[in-house]
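As structure tokens, the structure follows; a few thoughts come after it.
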Amino acid sequence: MRQQSNPGRAASSQWTYVLVGALGIAALVLLGGLAHQGYRTFVSKGSTLTATAIADPTSLKPWPTVATATSTVTRPPTATSAPTQTATSTPRPTNTPMPTPTPTPTPILIDIEELGKLVTMQYKLQTISVVEEKEDNWIERLFGENKVVLVATGEVMAGVDMALIADEDVTINGTTVKLIMPPAEIISVRLIPGESWIYDRKLNILKPNWDLELQAQKQAEDELVRWSTSHGILEQSEEVFTVRIEAFLRRLRFTEVTILFRGSEERY
């Protein structure tokens, strides 16, 4: 069965809705006003605070400083590589070899000779000495020959042997003196090693002769003496001797000096 609606009850419900809506709007307005008043109060207080801060800056306490936590990333120290250890071998003491002793044989005295030779002339000469030895057997000649060619440079010295003067060879009478001297002679001949050399050498394979070099030296010395003698080395030696001895005797206050050589003419 269908119910009938009550018109008066429906009208009452509508007014109720209107009243509730009005109250809600009023509440919203009231809340908005309160909120606006609080905002103004906050702004007003902030402005007063700001003005006060400008008027007397010393009266205000400083704002607390908020320490900013700065995170500093500390890197770990770089790992330094350890120094490379060089393997150093400890040097061993060097074995110093003992010096080889130089043989110093004790000289043996063979002879003593007093010399009174006065050298007054010297020649320096050069010659070529050739010494060869040929085999008579033709079979041995097939194996070569013994031959030495020596280029020899040497010195020939001539002088007077003063030891040969006897007492009767000297005559003194006041400031006069007379001397009879032994003739000049070859005192020495020698080859100069640094200026002499073997120019050529040949040896027989079957019968080598190593003594040819000594023979070549002896032959060179003989040749130097022969050449010097033939070119007046002895006469020149006596002339020089006479000049030197006479000058010496005149310094001894001898006014007349005579010097003779045995077997030769008188020379002053």
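Miscellaneous remarks
- Scanning the range 192-244 for residues being charged (D, E, K, R) and over 30 Å from N137 (Cα atoms) gives a total of 9.
- Filter pass, T175 being loosely packed, with under 15 Cβ neighbours inside 10 Å, free of Cβ contacts under 8 Å to residues at least 24 places away in the same chain and closer than 13 Å to T258 by Cα: no
- Residues in the range 214-250 that are hydroxyl-bearing (S, T, Y) and free of Cβ contacts under 8 Å to residues at least 60 places away in the same chain: T229, S230, T242.
- Flag for S188 being surrounded by 18 or more Cβ atoms within 10 Å (Cβ to Cβ) and of a type in the set (G, A, S): no
- Beta carbons closer than 8 Å, at least 6 apart along the sequence or on distinct chains, pair a first residue in the range 134-151 that is over 21 Å from A220 (Cβ atoms) with a second that is modelled with pLDDT under 90 and not in a loop (DSSP other than H, G, I, E, B) for E135/R141; G144/K202.
- Filter pass, S237 being within 19 Å of L118 (Cα to Cα), out of contact with any Pro (no Cβ under 6 Å at 6 or more places or on another chain), among the hydroxyl-bearing types (S, T, Y) and surrounded by fewer than 16 Cβ atoms within 10 Å (Cβ to Cβ): no
- All of D211, D169 fail the test of being of a type in the set (D, E), surrounded by 14 or more Cβ atoms within 10 Å (Cβ to Cβ) and without any contact (Cβ under 8 Å) to a residue 40 or more places away in the chain, apart from D169.
- Residue, modelled with the lowest pLDDT, within the range 111-153, restricted to residues that are of a type in the set (S, T, N, Q) and out of contact with any Pro (no Cβ under 8 Å at 6 or more places or on another chain): N137
- With respect to the conditions (1) over 56 Å from the mean Cα position of the chain (by Cα); (2) basic (K, R); (3) modelled with pLDDT of 95 or more, R253 falls short on a single one, namely (3).
- For the range 244-259, the set of residues classified as surrounded by 14 or more Cβ atoms within 10 Å (Cβ to Cβ) and farther than 13 Å from A184 by Cβ consists of E246, L249, R250, F254, V257, T258, listed by residue number.
The values are calculated or read from the model by the stated rules, or taken from the named source; none is laboratory data. Fair warning: this is a prediction, and the values are worked out from it, not measured in the lab. Because the Cβ atoms are built from the backbone with ideal geometry, glycine has one as well, and the counts that use them run over all protein chains shown.
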